[in-house]
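Undergrad: The structure follows.
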Amino acid sequence: MSEPLLVIQSRRVVVDGAIKPAAVHIRGKRIERVADHGDVPAGATLEDFGDLAVMPGIVDTHVHLNEPGRTEWEGFSTATRAAAIGGVTTLVDMPLNSIPATTTREAFAAKRAAANGQCSVDVGFWGGVVPGNASELAGMVADGVRGFKCFLVDSGVAEFGWVGERDLRPAMGILANEKVPLLVHAEVIGPIDAATAKLATADPRRYATYLASRPPAAEEQAIALVTGLCRETGARTHIVHHSAASALSMIEAARAQGLPLTAETCPHYLHFTAESIPDGATAFKCSPPIRDAANREALWKALASGILDFVASDHSPCSPALKALEQGDYMTAWGGVSGLQLALSITWTEAKARGHSLVDIARWMSANPAKLAGLTGTKGAIAAGHHADLIVFDDEATFTVTPERVHHRHKITPYAGETLTGVVRMTYLRGTRIAEDGRALATERGQLL
């Protein structure tokens, strides 16, 4: 006996690079076919969303879940529930800031055990490249990690060391053979140390002090380093949370040479500007930093032209005390922005203002991230054979970010008080509705990828 047919219909379905009337036929947790609007077979269950947009679920490949070991910062249960409410149907967990960090096969097994049974959305995992763990990498790929993350500068946690050229070269050779990507936090220490030395007497509460301490040169030199190693080893290389507009031409040149180099940016770099960040408001601190308005516009142009491939949240929360909110000290506060649940609405708010469409959003936040994580064919698009991961999106509605709307473990976010455009009305994971109008409905449907 065949499984029942569910048809999700709208006059605005984001499919095949267009927005058009369509009926999405779902059977057995997958999309069976995308049919004409009104094609609803007898006996099918119909959910008709009129003029609301139906889009592929968001794939967020840059999320710090911190469990096990630092679940008080954020964990699988709270983060994936917030993700579902925000339209994220698949996320990939970063190898830090959990304890142990995901840098060995044993640690990866502990991470999967911690996640099992408490995820509202599908979850994949990145491993970590740290000094001395080259012998673990191939085994971790065999166990299921989708690629690896490294830092070229202090990560902020002792258990995840940073690497230089000596460690990267052999690691990238292994990853090239394994055909998985290396994700790089692209800042190097030299320009940061030089800039910080000049700021010894500067006011640590001023955002300008922190911004000056992480100059664009740190990103530029890092990208030069990894581009050279990418050319030498042939390893797929991905720049995470790109901020410095001055380094975009380096990425463009590398891609023009045919190097397997990709890059992402984040909602906070596309939304905020340094000029608007108050002194003492450490919820805004992240690394690399949020730069000026001209830098923001350059990032938007790079995203539109394809120099930047996609947008990922870099959700990196911590316990409230580590944000040093009372002291307002940018130089000692934890660096990380909390925004997983809000990423789609933030990006759409700014994209819409610049004339972009939901087709662009689907490419930047679903299809291209899925490609990085090796999920093309199952995630990131509304197409036959894909998992039935869909969202119903009211792209004209607005809302204001208030604490009661935020479902991360902690309510601290720089987006508090911001009015955003775009409300996720419903989220479907493998054909099951898991969230509706700010409420999680099914909290254990997620699978480990």
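Undergrad: Students often get this wrong: which residues of region 1-42 have the backbone nitrogen under 11 Å from the point 7 angstrom along Cα-to-C-beta of residue 441?
TA: Counting backbone N atoms under 11 Å from the label point, the list is empty.
Undergrad: Let me ask something additional. What's the ranking of 397-406, 153-162 by average number of surrounding C-beta atoms within 10 Å, highest first?
TA: 153-162, 397-406
Undergrad: How large is the dipole of region 239-388 about the Cα centre if only Lys and Arg carry +1 and Asp and Glu carry -1, each at its Cβ, rounded to the nearest 20 debye?
TA: 460 debye
Undergrad: Once the Cα gyration tensor of region 58-372 is found, what semi-axes does its equivalent ellipsoid get, as square roots of 5 times the eigenvalues, in whole Å, sorted largest first?
TA: Equivalent ellipsoid of region 58-372: 26, 23, 22 Å, largest first.
Undergrad: Which Cα, out of 137, 152, 365, lies furthest along the positive dipole direction of the chain (beta carbon charges, K/R +1, D/E -1)?
TA: With unit charges placed on the Cβ atoms, the residue in question is 137.
Undergrad: Placing +1 at every Lys and Arg Cβ and -1 at every Asp and Glu Cβ, with all other atoms neutral, what dipole size does region 311-411 have around its Cα centre, in debye to the nearest 20?
TA: In total the dipole reaches around 240 debye.
Undergrad: Here is a follow-up. Report the relative contact order of the chain, percent, no decimals, based on alpha-carbon pairs under 8 angstrom and at least 6 residues apart.
TA: 21 percent
Undergrad: Moving on. Which ³J(HN,Hα) values in Hz, rounded to whole numbers, follow from the phi angles of region 145-150 under the Karplus curve 6.51 cos²θ - 1.76 cosθ + 1.60, where θ = phi - 60° and Gly and Pro get x?
TA: Couplings: 5, 9, x, 9, 10, 9 Hz.
Undergrad: Just from its helices, what would the mean residue ellipticity at 222 nm be for the chain, if runs of 4 or more DSSP H residues each count -39500 (n - 2.57) and the sum is divided by every residue, rounded to the nearest 500 deg cm²/dmol?
TA: -8000 deg cm²/dmol
Undergrad: Right, another one. Under a point-charge model restricted to the Cβ atoms of Lys and Arg (+1) and Asp and Glu (-1), what is the dipole moment magnitude of the chain relative to its Cα centre, in debye to the nearest 20?
TA: Approximately 480 debye in magnitude.
Undergrad: How much of the DSSP bridge set in region 7-153 is antiparallel, in percent, rounded to the nearest 5?
TA: Antiparallel bridges make up about 45 percent of those DSSP assigns within region 7-153.
Undergrad: How big is D, in µm² s⁻¹, for region 1-132 by Stokes-Einstein at 4 °C and 1.567 mPa s if Rh is the Kirkwood radius over C-alpha pairs?
TA: Taking Rh from Cα pairs, D becomes 76 µm²/s.
Undergrad: Have a look at 251, 210, 222 and report the one farthest towards the positive end of the charge dipole of region 154-274, computed about the Cα centre with Cβ charges (Lys/Arg +1, Asp/Glu -1).
TA: Looking along the dipole axis, the top candidate is 251.
Undergrad: Rounded to the nearest 0.05, what FRET efficiency is calculated for residue 16 and residue 353 with R0 set to 30 Å and r the Cβ-Cβ distance?
TA: 0.70
Undergrad: Can you compute the FRET efficiency between residue 36 and residue 383 using 1/(1 + (r/R0)^6), with r the Cβ-Cβ distance and R0 = 22 Å? Round to the nearest 0.05.
TA: Computed FRET efficiency for residue 36 and residue 383: 0.90.
Undergrad: Once Lys and Arg get +1 and Asp and Glu get -1 on their Cβ, which of 161, 190, 337 lies farthest toward the positive end of the dipole of region 58-372?
TA: The Cα lying farthest towards the positive end belongs to 337.
Undergrad: Next question. Run through the DSSP bridge list for the chain and note the antiparallel percent, rounded to the nearest 5.
TA: Roughly 50 percent of the DSSP beta bridges within the chain come out antiparallel.
Undergrad: Cα atoms only, region 349-429: Rg and Dmax in Å?
TA: Cα-based Rg and Dmax for region 349-429 come out at 14.7, 41 Å.
Undergrad: Order of 138-147, 87-96 by packing, highest average Cβ count within 10 Å first?
TA: In decreasing order of mean packing, 138-147, 87-96 become 87-96, 138-147.
Coordinate-derived values only; no laboratory data. Given the structure is predicted, the values throughout are model-derived calculations rather than measurements. Note: ideal-geometry Cβ built from the backbone for every residue, glycine included; neighbour counts use all protein chains shown.
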